[in-house]
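What follows is a set of notes on a single structure, which appears directly below.
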Amino acid sequence: MSPAIRIEELTKDYAIGFWRRRPYRALDRLTLDIEPGEVYGFLGPNGAGKTTTLKLLMQLIYPTSGRAEILGRPVGDIAMRRRIGYLPENPSFYDYLTAEELLGYFAELFGYKGADRRKRVDTLLERVGIGAERRLQLRKFSKGMIQRVGIAQALLNDPEVIFLDEPMSGLDPLGRRDVRSLILELRDQGRTVFFSSHILADAEALCRRVAVLAGGRLAASGTLTDILAFQVHGWELVMANVSPEVLAKVKPAVRNTTEISPGRYALELSLDQAPDRILADLTAAGATLISLNPMRDTLEDFFMKRVAEMGTGARAPMAGDDHASH
Amino acid sequence: MRAIRSVAVNVFRESVRDRVPYNLVLFAVLLIASSYLIGQLTAGQDVKIIKDLGLAATSVFGLFISIFIGIGLVSKEVERRSIYALLSKPVSRAQFVAGKYAGLVLTLAVNVTVMTVALYIILAYMVWTEPPTIRAGWDAPGTDPRLLKAIFLIFIELMLVTAIALFFSTFSSPILSAALTFGFYVVGHFNADLKNFDRVVDSKAAAYLARGLYHVLPDLSAFDVKTEVVHGLPVTFGYLASTAAYGVAYVTALLLLATFIFSRRDFK
Amino acid sequence: MNRRRDAIVLALAVAAFGVAIALQMTRDRSYPRDERLTEQILYVRSPAALKRMTLEFDAVLADVYWIRAIQHYGGDRLSGPRAASKYLLLYPLLDLTTTLDPYFNIAYRFGAIFLSEAYPGGPGRPDQSVALLRKAIVAMPHKWQYYHDIGFVYYWRLRDYQTAALWFQRAATQPNAPNWLTPLAASMLGRGQDRAAARFLWQQIAKSEEAWLRRSAQRALLQLQALDRIDYLDAVNTRFPPAAGEQYSWPRLIAKRLLPGVPVDPTGTPYEIDPATGRVRVAQESPLFPMPEEPRRLQ
């Protein structure tokens, strides 16, 4: 099956400086394929080039080299745009329009007419939870509500592929939960969702495959678990009711101890230590288990390491990498 | 085509919700009304004064609308980043430029119509109240339909100025666009002087340069037939047609150029 | 970026521009705008009002009006039989120019020469010349040229020799005045030598730095030359009148070997001779036409 989104050696240079224009490479030969029907996470720290990639896909900016296709059509294709939806990062629309009018305007551009158009607008406003506010001018909307309007306009045309740039930004936990369930719903409907984020947890909950971007280059891509499995570097054991004596006994055996509150400690164990032993000892001494979690690199730590590795060139391909670039 | 219309209607809607055009139209109407009062002071000449003022006000306020909205047509969308969502829809950059232009022309048309109607109402009132002896002394009838010729050319001129403003708006900031557009407006009105430069300077090269500039720069003074219509002098349809055609061709060139520039821009 | 499509758009833009220019040229040809309502190029009739309106741009606007003055003058000159406007705007334009820029020397001197020139060479308004020059003197009271020019107008156009002499004398008292002004004033009041005085005056003007002044002077000098020649030809005709039944003509004189050939004026155009009276004059087609009125010889 042909990919829903195909990106080949996509590169974007910006000219920096006035006199000697040294190019700044915002995106370096990105190559990715996204299959239809999947929810694909596009991860990376701020400034990694995620938004640049999305803008290249929407042809808001032009590539220095390389190409991209959506649904088999080149990115500039106007007809293809009828089948996709896009939510920009921190979206802003026209403050003098009401939510209703904005969606109506965009629906017109998609080719909806008359009663059909009104129905679509109503459906979407309801879907994102904008009721009475639909008649308010957008200048009166909060950030969260604007985000919801943004999602509505991205889904207006029942798109096959949806591009979301930092869809959770500015949302409170309730809002984020709504967006997550929306994305899952889209997946269940068989649509392709391509979203970018710098929050690992979001990707973890939604995606099967991800790509990780750092400094404009693809650091890794593949299934989530494969990529991050190797990055576990220890365990974190949180115990309560730890008496000072028990603590003193256990301390030399562990890598680090942090007091959370009197009697409650977070103990950091290294990978080669099986946590069961220490857990058993502590439980026997009367402490209670609060939590036991593998300690992973944050995404940022992962990037730092990865970028450093990529810099020196000393890097072996990782299991689970399907399209890593050098 | 439908996309152009949608964009145009949105521009019109924005201009209506932006209270600026309301104020201008109101102001113009007030000005025309006050000119009626001034006219009371100069026996017999009041019709001429009101026609002069009415046409001038229509031109000036139309100019303000053209420039102040024109310069922001594209740059505002880019600056507040609403262009990201818009251009991801099935609308091409060329359609965007055309739609923006059409929307502002629509706004202008509405405003000029309002001002024209107001002017004719006042003139009709004057015709109604002035005795026939004074009316006989007028160069042209009070509610002279030939005023429409001047207004027609004023409108085409405004279309031209709008196109200039839009053109600059595709690549430069609002302030710079305003300055440049206004500059072109002023130069365009002195354009005719360039044509006869060869009679004044000795250098052939300077004369050719001046003549070249005469042709390249917008020839705005040709659109000014206010004095003729106020004095009842003839303005032929041939002149109207050829001058209007010039305006339309120039506008087309500017819009194409604007599209060219806009199509190649990166929206960082 | 679709390079090909962009190139097409750009090419179309250039084509549209070309169409616009072509339309403009066609329109200009069918409806020449030099004949447009004259008031328009003044915009504002009152110089004082204009000066207040122009903010800092007086000098530039003065230049604009100066250019229009020259175009108007040149345009009217070249328009031949169509010259209906009779240089109506020359004085207002020069007045506006010099109000905006009171130090605009050339405008004053241009007005001096051409405002007073008789129709069809100019509007024939020596009064306007003098008015403009008086304004010049208010602005720059020590330029001897302005006093000289006023004297010239009184002498050459108004035939008021007393006043002319007065002005030449006043000119002589200004700093840097040339030393021939006083003798010139004297000769105004003296006997005869009028054509010589005129010739002298024009020779001084012919040394001017301004090309158009030199050209005017050279033309005037040629006219004076023609006058001298006409005097001689008149004398020949008076001395050798035709017999009864004959008419005055050049072939007659040539046959009598009084002349080597048909006499021509300094531009090469043959002189005309009235068959009945024998009066010789410069032909109408000659560039020297119309000839100046001769200053009357003083008693």
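The values are calculated or read from the model by the stated rules, or taken from the named source; none is laboratory data. All figures in this text were calculated on a predicted structure; none of them were measured in a lab. So basically every Cβ, Gly included, is an ideal-geometry build from the backbone, and we count neighbours across all protein chains shown.
Overview of results
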| item | result |
| --- | --- |
| Residue in region A:165-182 that is nearest to A:TYR96 (Cα to Cα), counting only those that are among the aliphatic types (A, V, I, L, M) and touching an Asp or Glu at 6+ places or on another chain (Cβ under 9 Å) | A:LEU171 |
| Count of region A:167-215 residues which are outside any helix (DSSP H, G or I) and of a type in the set (Gly, Ala, Ser) | 8 |
| Of all residues making up region B:127-162, the number that are among the hydrophobic types (A, V, I, L, M, F, W, C) and farther than 18 Å from B:ASP224 by Cα | 5 |
| Of all residues in region B:174-195 being out of contact with any helix residue (DSSP H, G or I) (no Cβ under 6 Å at 6 or more places or on another chain) and β-branched (Val, Ile, Thr), the one that is farthest from the other protein chains (Cβ to nearest Cβ) | B:ILE175 |
| Filtered residues of region B:209-264 (kept if more than 10 Å from chain C (Cβ to nearest Cβ) and in a loop (DSSP other than H, G, I, E, B)) | B:LEU217, B:GLY232, B:PRO234 |
| Index of the failed condition, A:ASN90 passing every other in (1) closer than 18 Å to A:SER197 by Cβ; (2) within 10 Å of chain B (Cβ to nearest Cβ); (3) surrounded by 23 or more Cβ atoms within 10 Å (Cβ to Cβ) | (3) |
| Any hit, region A:199-208, residues being buried (at least 16 other Cβ atoms within 10 Å of the Cβ) and closer than 21 Å to B:SER88 by Cβ | no |
| Qualifying position, being part of a loop (DSSP other than H, G, I, E, B) and within 8 Å of chain B (Cβ to nearest Cβ), among A:TYR105, A:TYR96, A:TYR112 | A:TYR96 |
| Qualifying position, being in contact (Cβ under 8 Å) with a residue 60 or more places away in the chain, away from every other protein chain (no Cβ under 14 Å), surrounded by fewer than 21 Cβ atoms within 10 Å (Cβ to Cβ) and of a type outside the set (Phe, Trp, Tyr), among B:ALA124, B:ALA102, B:ALA109, B:ALA136 | B:ALA102 |
| Region A:52-62, subset in contact with a Leu (Cβ under 9 Å, 6 or more places away or on another chain) and at the interface with chain B (Cβ under 10 Å from one of its Cβ atoms), residue surrounded by the fewest Cβ atoms within 10 Å (Cβ to Cβ) | A:TYR62 |
| Residue that is in contact with an Asp or Glu (Cβ under 8 Å, 6 or more places away or on another chain) and touching a residue at least 24 places away in the same chain (Cβ under 8 Å), where the choices are C:ALA226, C:ALA177, C:ALA211, C:ALA198 | C:ALA226 |
| Close pairs from region A:67-86: first more than 14 Å from A:LEU10 (Cβ to Cβ) and within 11 Å of another protein chain (Cβ to nearest Cβ), partner β-branched (Val, Ile, Thr) and assigned to a loop (DSSP other than H, G, I, E, B), Cβ under 8 Å, at least 6 apart | A:ILE78/B:VAL91 |
| Residues being over 10 Å from A:TYR94 (Cβ atoms), facing another protein chain (nearest Cβ under 7 Å) and assigned to a helix (DSSP H, G or I) - total across region B:77-92 | 2 |
| Scope region A:4-43; condition surrounded by fewer than 23 Cβ atoms within 10 Å (Cβ to Cβ), charged (D, E, K, R), farther than 23 Å from A:MET168 by Cβ and touching a residue at least 40 places away in the same chain (Cβ under 8 Å); matching residues | A:ARG6, A:GLU8, A:GLU9, A:ASP13, A:ARG25, A:ASP28, A:ARG29, A:ASP33, A:GLU35 |
| Residue match in region B:224-232 (condition: within 30 Å of B:LEU73 (Cβ to Cβ), modelled with pLDDT under 90 and surrounded by 22 or more Cβ atoms within 10 Å (Cβ to Cβ)) | yes |
| Segments classed as helices (runs of 4 or more DSSP H), wholly inside region B:114-201, with at least 3 members that are β-branched (Val, Ile, Thr) and at pLDDT 80 or above | B:147-169, B:174-189 |
| Close pairs from region C:1-26: first under 30 Å from B:ASP266 (Cβ atoms) and at the interface with chain B (Cβ under 8 Å from one of its Cβ atoms), partner hydroxyl-bearing (Ser, Thr, Tyr) and outside any helix (DSSP H, G or I), Cβ under 7 Å, at least 6 apart | C:MET1/A:TYR62 |
| Out of B:VAL25, B:VAL11, B:VAL60, sole residue that is modelled with pLDDT under 85, under 30 Å from B:VAL97 (Cα atoms) and assigned to a helix (DSSP H, G or I) | B:VAL25 |
| The lone exception for A:ASN46 - which of (1) crowded, with 23+ Cβ neighbours inside 10 Å; (2) more than 14 Å from chain B (Cβ to nearest Cβ); (3) polar (S, T, N, Q) it fails | (1) |
| Lone qualifier among C:ALA255, C:ALA243, C:ALA235, C:ALA206 - being without any contact (Cβ under 8 Å) to a residue 60 or more places away in the chain, under 30 Å from C:VAL153 (Cβ atoms) and not assigned by TED's automatic domain parsing to the domain that holds C:ARG157 | C:ALA206 |
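To keep it simple, each residue is scored yes or no on (1) of a type in the set (A, V, I, L, M, F, W, C); (2) surrounded by 20 or more Cβ atoms within 10 Å (Cβ to Cβ); (3) assigned to a helix (DSSP H, G or I).
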| residue | (1), (2), (3) |
| --- | --- |
| C:HIS148 | no, yes, yes |
| C:PHE168 | yes, yes, yes |
| C:GLN174 | no, no, no |
| C:ALA185 | yes, yes, yes |
| C:SER208 | no, no, no |
| C:ASP228 | no, no, yes |
| C:VAL236 | yes, no, yes |
